[in-house]
Amino acid sequence: MSKPDQKRDFGFETRMLHAGHVPDAVTGSRAVPIYQTTSYVFDSPQYAAELFDLKQYGNIYTRINNPTTAAFEERIASLEEGAGAVATSSGMAAQLVTMMTLLEPGDEVVASQHLYGGTRTQFVHTFRKLGVTAHFVDPDDFDAWEAAINSKTRALYAETIGNPQGSVVDISRLAALAESNNCPLIIDNTFATPYLCQPLNHGAHISLHSATKFVGGHGNSIGGVIIESGRFDYSHYPTIANPSPSYHNLRFYDTFGLHGFLMKARVETVRDTGSCLSPFNAFLLIQGLETLSIRMDRHVKNAMAIARYLEDDPNVEYVAYPGLESSPYHELALRYCPRGPGAVFSFGLRGADPRGAGRRFIEALNLFSHLANVGDARSLVIHPASTTHQQLSDEELVASGIDPGMIRLSIGLETEEDLLWDLDQALRAI
Amino acid sequence: MGSRSGAACDLTSHSLLTAEQKAIYQAPDLVRRTLGFASSVAIVGLSTKRQKASYFVATFLKSRGIKIIPVHPKADRILGEKVYPTLKDIPEPVDVVNIFRPSHECPIYAAQAVDINAKVFWLQLGLFNEEAATIAGAGGLDVIMDLCIKMEYGRYDGTMRFLGMNTGVLTSKKAQIGRISSHEDVDLSECLL
Ligand SMILES: Cc1ncc(COP(=O)(O)O)c(C=O)c1O
């Protein structure tokens, strides 16, 4: 028996339910209350001055921090074993805030080319307006990563599970490469979730999420979050180490140590870009976190069954799910996502007219919802060639890593046999 | 709060300490006990500059009703408090000696902390010196290393979580305080979670 005073390392599920929230002294409210407020009354003028100077830990204004949002932040930081977290209005905002905190005009980023399309667009076009250049490399090719790194490189970036290829990135190897170049490694862990993979425990320095997806898990809230390990040595990293003109020449790393990056992200970047999460969405995302492991186990179980079923179907050309032994990423998936590599994957339809087959397949489905999202409790489907990428010719599609017959699925929590029934009848209808 | 510029050390991880060293020098019950009884903290290396980590820590402790005693070779007053050139010049009882100076200087401060009958020898985040720990320990002091006293206070009084930091504190017990009043002498032994 350990003494009650002794710190215990609580399990994942316990932290899913308890981390980040202690019942408050006045009401004892057990659920995390929604602090639907913009601002907070200060204790005294002197306290207010110290608060603005960051000499006190306290609530200032909901664009900077909020107790409901903070409970979400601490909870997800606990699940990924980070030093802390900063929530944002969306996954795109999490990326932008991370980069705007780290980078200055003239800096460069090297990123995996297997990225969510919106992320690629942000990196190419929006970053260009900020004077930042992104280079894209094949995530499996470490020579390409090394070749793309130069004296201006300030960060490496990849997704735990990239789509549509279903590629799993070798996080610890990439982290070592990043560190030897004085760069943090940033991992988008959206598809794996904090339950299936903890990038910081494999050496990544920053993990971020579109919490819109499996974290919230019910398709009802847009949100994002940035988690930092507190283990990166920023003492020679200009933006975090040097005096900051936008905070009275504060040196964030010198003053806040392991919290330096997170403090700067919150009190400068989120403050100035206004990309805060709303407390109501934070509450909904907390509800998602409370059942995360249970949901993900079921998402993965359904995904595995469906991937195996599709692999055996004569109308199916390929299935890009790293949970399958046939995937070139199976070994990496076992290493980084031992409980299963998520529930989003693509497969290809065979035939003379795959683009038409894709359209007919979508039309024939009864349970899968045709929409542009992933990570809902319900099963989702999209056919890029007839929706997001419809303007592209077959050749242009292939060049962007998408084939005309490619279908992307996000497997939900419905009864497994019902999902198999729906796919089967749609495959027979094409 | 770090003191990277003052502390000539390599900080590449959460902690400079091994797991065994953490169990001794960062034990949660030792940290909580210290925060619970500390009513005077001598701060060696407290800066006169408002944007230095030590100044943040001192401002914070003072707001919690803790008497801070600056130790600085030249300054006269810092944060309104009389400054002493060395620990040995302090004429009043000191509970905690808190160090913001490079690790290699720490054995000297450890010996002085023993001489003035301090109770706890606390090296800030980024600082570690086993020789100093041995001297302080032999003199009957508890030793805490590579932790920030402000962060630890914020961890256990619950305020650090307002900024989304991972406090590691997990309990189903109702908190004992709703918020920290900044200028009252709060009995931390009561309100610690
Ligand atoms: C892997 C990945 N990262 C980031 C995003 C962007 O997140 P959000 O839509 O919450 O801005 C998405 C959204 O589709 C995504 O799938």
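The values are calculated or read from the model by the stated rules, or taken from the named source; none is laboratory data. Note that the coordinates shown come from a computational prediction; the quantities given were computed from them, not determined experimentally. With ideal geometry, Cβ positions are generated from the backbone for all residues, glycine too; neighbour counts draw on all protein chains shown. Surface areas here come from the heavy atoms of the whole protein model, side chains and all, with no ligands, DNA or RNA. Shrake-Rupley method; radii C 1.70, N 1.55, O 1.52, S 1.80 Å.
Set side by side, the residues A:Ile226, A:Ile240 differ, and just one is touching a residue at least 24 places away in the same chain (Cβ under 8 Å), outside any loop (DSSP other than H, G, I, E, B) and within 30 Å of A:Ser400 (Cβ to Cβ), which is A:Ile226. Filtered by the rule that a residue be within 13 Å of the chain's Cα centre (by Cα), more than 20 Å from A:Ser244 (Cβ to Cβ) and away from chain B (no Cβ under 14 Å), region A:90-114 gives A:Ser90, A:Gly91, A:Met92, A:Ala93, A:Gln95. From the list A:Leu413, A:Leu409, the one residue that fits, being in a loop (DSSP other than H, G, I, E, B) and closer than 17 Å to A:Asp376 by Cβ, is A:Leu413.
Give the residue that is farthest from the ligand (Cβ to nearest atom), with candidates limited to residues of region A:239-248 that are open to solvent by 40 Å² or more (accessible area, probe 1.4 Å) and modelled with pLDDT under 95. The qualifying residue farthest from the ligand (Cβ to nearest atom) is A:His248.
Of all residues in region A:348-383, those that are open to solvent by 10 Å² or more (accessible area, probe 1.4 Å) and closer than 19 Å to A:Ser221 by Cα total 8. Say whether the condition of being away from the ligand (no atom under 16 Å from the Cβ), among the small types (Gly, Ala, Ser) and either touching a residue at least 24 places away in the same chain (Cβ under 8 Å) or crowded, with 24+ Cβ neighbours inside 10 Å (or both) is met by at least one residue in region A:159-171. Checking region A:159-171: not a single residue is away from the ligand (no atom under 16 Å from the Cβ), among the small types (Gly, Ala, Ser) and either touching a residue at least 24 places away in the same chain (Cβ under 8 Å) or crowded, with 24+ Cβ neighbours inside 10 Å (or both). Candidates A:Gly117, A:Gly82, A:Gly131: the one that is modelled with pLDDT of 95 or more and under 17 Å from the mean Cα position of the chain (by Cα) is A:Gly82. Looking across region A:384-393 at every residue that is within 16 Å of the ligand (Cβ to nearest atom) and buried (at least 16 other Cβ atoms within 10 Å of the Cβ), the one that is farthest from the other protein chains (Cβ to nearest Cβ) is identified as A:His389.
Among the residues of this structure, A:Arg8 counts as one that is within 28 Å of A:Ile206 (Cβ to Cβ), open to solvent by 50 Å² or more (accessible area, probe 1.4 Å) and within 9 Å of chain B (Cβ to nearest Cβ).
Screening A:His259, A:His236, A:His205 for residues that are within 14 Å of chain B (Cβ to nearest Cβ) and either open to solvent by 40 Å² or more (accessible area, probe 1.4 Å) or of a type in the set (D, E, K, R) (or both) leaves exactly one candidate, A:His236.
Per the listing A:Phe283, A:Phe368, A:Phe361, A:Phe345, the residue uniquely within 16 Å of the ligand (Cβ to nearest atom), more than 30 Å from A:Pro238 (Cβ to Cβ), away from chain B (no Cβ under 14 Å) and of a type outside the set (A, V, I, L, M) is A:Phe345.
Of the residues making up region B:42-56, just one is away from chain A (no Cβ under 14 Å) and surrounded by fewer than 24 Cβ atoms within 10 Å (Cβ to Cβ), namely B:Thr48.
For A:Ala31, the criteria (1) surrounded by 14 or more Cβ atoms within 10 Å (Cβ to Cβ); (2) away from every other protein chain (no Cβ under 11 Å) hold in every case but one, which is (1). Scanning region A:175-195 for residues that are part of a helix (DSSP H, G or I) and either open to solvent by 10 Å² or more (accessible area, probe 1.4 Å) or within 16 Å of the ligand (Cβ to nearest atom) (or both) returns A:Ala176, A:Leu177, A:Glu179, A:Ser180, A:Thr193, A:Pro194, A:Tyr195. Within region A:52-73, identify whether any single residue is charged (D, E, K, R), facing chain B (nearest Cβ under 9 Å) and under 26 Å from the mean Cα position of the chain (by Cα), and answer yes or no. Among the residues of region A:52-73, at least one is charged (D, E, K, R), facing chain B (nearest Cβ under 9 Å) and under 26 Å from the mean Cα position of the chain (by Cα), which makes the answer yes. The numbered conditions (1) crowded, with 24+ Cβ neighbours inside 10 Å; (2) farther than 22 Å from A:Thr119 by Cβ are all true for A:Ile60 except (1).
The criterion of at least 2 residues that are within 28 Å of A:Arg251 (Cβ to Cβ) is met, among helices (runs of 4 or more DSSP H) falling completely within region A:35-138, by A:45-52, A:67-79, A:91-102.
Beta carbons closer than 7 Å, at least 6 apart along the sequence or on distinct chains, never pair a first residue in region A:356-372 that is closer than 16 Å to A:Ile411 by Cβ with a second that is part of a helix (DSSP H, G or I) and within 16 Å of the ligand (Cβ to nearest atom). Answer yes or no as to whether A:Leu96 is open to solvent by 10 Å² or more (accessible area, probe 1.4 Å), within 14 Å of the ligand (Cβ to nearest atom) and closer than 21 Å to A:Ala204 by Cβ. Taking the combined requirement at face value, the residue satisfies it. Only residues that are away from every other protein chain (no Cβ under 14 Å), near the ligand (Cβ under 7 Å from one of its atoms) and part of a loop (DSSP other than H, G, I, E, B) were counted across region A:208-223, and they come to 3. Are any residues in region A:208-221 small (Gly, Ala, Ser), open to solvent by 10 Å² or more (accessible area, probe 1.4 Å) and touching a Gly at 6+ places or on another chain (Cβ under 6 Å), and if so, which ones? Scanning region A:208-221 gives a single hit, A:Ser210.
Residue by residue through region A:99-127, note down the ones that are more than 10 Å from the ligand (Cβ to nearest atom), more than 13 Å from A:Ala155 (Cα to Cα) and touching a helix residue (DSSP H, G or I) at 6+ places or on another chain (Cβ under 9 Å). Result: A:Gln113, A:Thr126, A:Phe127.
A:Ile226 satisfies every condition listed in (1) within 14 Å of chain B (Cβ to nearest Cβ); (2) more than 13 Å from the ligand (Cβ to nearest atom) except (2). Give, as residue ranges, the helices (runs of 4 or more DSSP H) completely inside region B:87-170 that count at least 1 residues that are within 13 Å of another protein chain (Cβ to nearest Cβ) and surrounded by fewer than 23 Cβ atoms within 10 Å (Cβ to Cβ). The helices (runs of 4 or more DSSP H) meeting that bar are B:149-157.
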